[in-house]
1. Can you give the translational diffusion coefficient of the stretch A:149-190 in µm²/s, computed by Stokes-Einstein from the Kirkwood radius over Cα pairs at 10 °C and 1.306 mPa s?
2. From Cα pairs below 8 angstrom and at least 6 apart in sequence, can you work out the relative contact order of the stretch A:234-280, rounded to a whole percent?
3. To the nearest hundred square angstrom, how large is the accessible surface buried between B and A, total for both chains, probe 1.4 angstrom?
4. Put A:V187, A:V95 in order of accessible area, largest first, 1.4 Å probe: what do you get?
5. Once the convex hull of the C-alpha atoms of the stretch A:122-280 is built, how many Å³ does it hold per residue, rounded to a whole number?
6. With only alpha-carbon pairs counted, each pair once and no self-pairs, how large is the Kirkwood hydrodynamic radius of the stretch A:216-255 in angstroms?
7. Please give the Cα centre distance for the stretch A:232-280 versus the stretch B:31-93, rounded to the nearest Å.
8. Which chymotrypsin sites (Phe, Trp or Tyr not before Pro) from the stretch B:38-121 combine a DSSP loop assignment with at most 12 other Cβ atoms within 10 Å?
Amino acid sequence: MARRRRPRRSRRSLTIVLLVLASITIITLDYRGGGHGAISAVKRAAHDTFSPVQRGVDAVVRPIGSFFAGAVHYGALQQQNAKLRAEIGDLERRVLEGSATRQELEQLEQLEHLPWIDGIQTVTGEVVGLNTSNFAATIQLNVGTSSGVDEGMPVVGGAGLVGQVIEAWKSGSTVRLVTDPRFAVSVRFGSPAGYALALGEGVSKALAVQYVAPGASLHRGEVLMTSGLQNASFPSDIPVATITSFSSTPSSTQEAVSAKPVADLPALQYVDVMLWYPGQ
Amino acid sequence: MTTADVSRSTIVVFVLFAIQYTLLDSVRVLGAHPDIMLLLPVSAGYVGGPERGAVFGFAGGLVADLFLPTTFGLSALVGCLLGYGVGLATEGLVRSSWWLPVVVAAAATATGLVAYAILGSLLGEPKQLTVFLTPALSVATPAAAILAIPVLRLVAWAVPPAPSRAHQVGSIR
């Protein structure tokens with residue numbers, strides 16, 4: 001009996017050792033970027049292959065899910081509808097009030113040669129998936145390389161910055177949201193301009209703003225814009241977040257600042273991918 | 001494993017992946033969703049033993065990693081260790097209780113999530129432990145308990161029972 005058990009145990013041990021070594025090798029290749037090209041190509045091919053299946057299932061499941069969601073949340077939907085109508089009316093009024101200000105600003109821009117995102121081509125995409133991983137804050141769009149979308153491109157929606165494209169295949173792309181802990185963007189605030197770094201802290205959490213000197217002139221509700229400094233990852237002047245709180249102690253080396261993303265991330269349905277490369 | 005076993009295993013891996021990617025990813029509570037891909041190595045280890053659990057965990061993890069924005073290979077490593085560990089831990093258990101696979105699935109899923117977060121932290125993403133782990137545990141662990149029996153039956157269709165458990169087939173299927 002003992003002789004028959006040993007070969008099985010040896011084979012079992014060998015199998016797990018080989019699989020663990022293979023896993024560690026793959027992780028090392030991805031982590032160091034050595035196999036990045038090959039791994040990215042395989043992932044793109046996988047996405048391209050599976051996208052039709054995902055769209056087909058989504059086409060069947062989404063109406064069913066929406067029906068039940070609507071039935072359950074009918075009362076809340078009615079209230080939300082009324083609230084949105086009121087907000088639209090308010091926005092229409094502000095557009096009219098802002099038109100005079102915009103004309104004045106356009107004249108100033110011509111004098112100052114300020115870079116504007118209005119001059120950047122965009123591709124509109126629909127959000128077709130959320131957080132494929134429980135350990136990342138991402139969304140999936142239905143526009144990809146066939147529409148000109150590529151890795152590193154900024155994504156905006158609603159009132160400001162949504163995130164950055166991290167993967168792109170023919171018919172879709174993955175966007176890392178501003179709330180993802182691996183997301184960081186250089187921002188500016190105040191006048192004269194101060195510069196800081198806004199970092200994601202997790203889904204539905206405020207951004208942490210670092211490298212703000214203690215006692216810096218800050219205001220609650222102040223909008224942080226992308227700085228667009230040389231070789232920045234984002235064009236300048238895209239609204240990122242509004243300051244919600246700031247504090248410091250006598251011994252602290254920087255102000256503890258929190259900011260709420262301006263884009264309504266939980267309610268995203270359509271976003272614009274800016275066809276712009278970092279460092280452009 | 002015969003060719004038929006390999007074919008059935010391939011079908012099971014892709015069916016579970018399709019369910020995860022197209023349906024379960026949309027089920028969102030506290031920003032997290034159920035993770036049926038962790039149940040694959042758990043079920044394979046429970047039914048087929050540590051070796052088969054490790055192989056299924058590696059294969060299923062690689063398939064999942066193709067579509068995840070996190071480090072490629074991490075799910076494969078966690079999956080093969082999880083499948084192996086469940087296979088070893090449940091090898092000598094008498095399977096007369098209906099709740100045993102449910103408890104094993106929940107405990108193993110929680111262990112897998114913690115292992116994933118720890119390994120992710122070691123690879124330079126400490127926020128996986130501090131930010132994402134708690135919501136993931138809160139949602140994926142009870143979901144694993146609910147989905148344990150159907151997933152186990154599906155995997156048992158594809159995975160031949162481990163030689164030491166051939167006499168217990170009736171209690172699994």
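The values are calculated or read from the model by the stated rules, or taken from the named source; none is laboratory data. Note that the coordinates shown come from a computational prediction; the quantities given were computed from them, not determined experimentally. Cβ sites come from the backbone with ideal geometry, for glycine too, and all protein chains shown count toward neighbours. Please note that ligands, DNA and RNA were not included when accessible areas were found on the heavy atoms of the full protein model with its side chains. Shrake-Rupley method; radii C 1.70, N 1.55, O 1.52, S 1.80 Å.
1. Values: Rh = 11.1 Å.
Result for D is 142 µm²/s.
2. Details: 38 pairs, mean separation 18.0, N = 47.
Answer for the stretch A:234-280 is 38 percent.
3. Details: alone 8470 and 18320 Å², together 22710 Å².
Approximately 4100 Å², summed over both chains.
4. Working: A:V187 0, A:V95 105 Å².
These residues rank, largest area first, as A:V95, A:V187.
5. Values: hull volume 16.2 nm³, N = 159.
Convex hull of Cα atoms, per residue: 102 Å³.
6. Details: mean 1/r = 0.0840 Å⁻¹.
Mean inverse Cα-Cα distance, inverted, gives 11.9 Å.
7. Using only Cα atoms to place each centre, the spacing works out to 37 Å.
8. Numbers: sites: B:Y46, B:F56, B:F58, B:F67, B:F72, B:Y84, B:W98, B:W99, B:Y116; in loops: B:F67, B:F72, B:W98, B:W99.
Those that pass, being in a loop and sparsely packed, are B:W98, B:W99.
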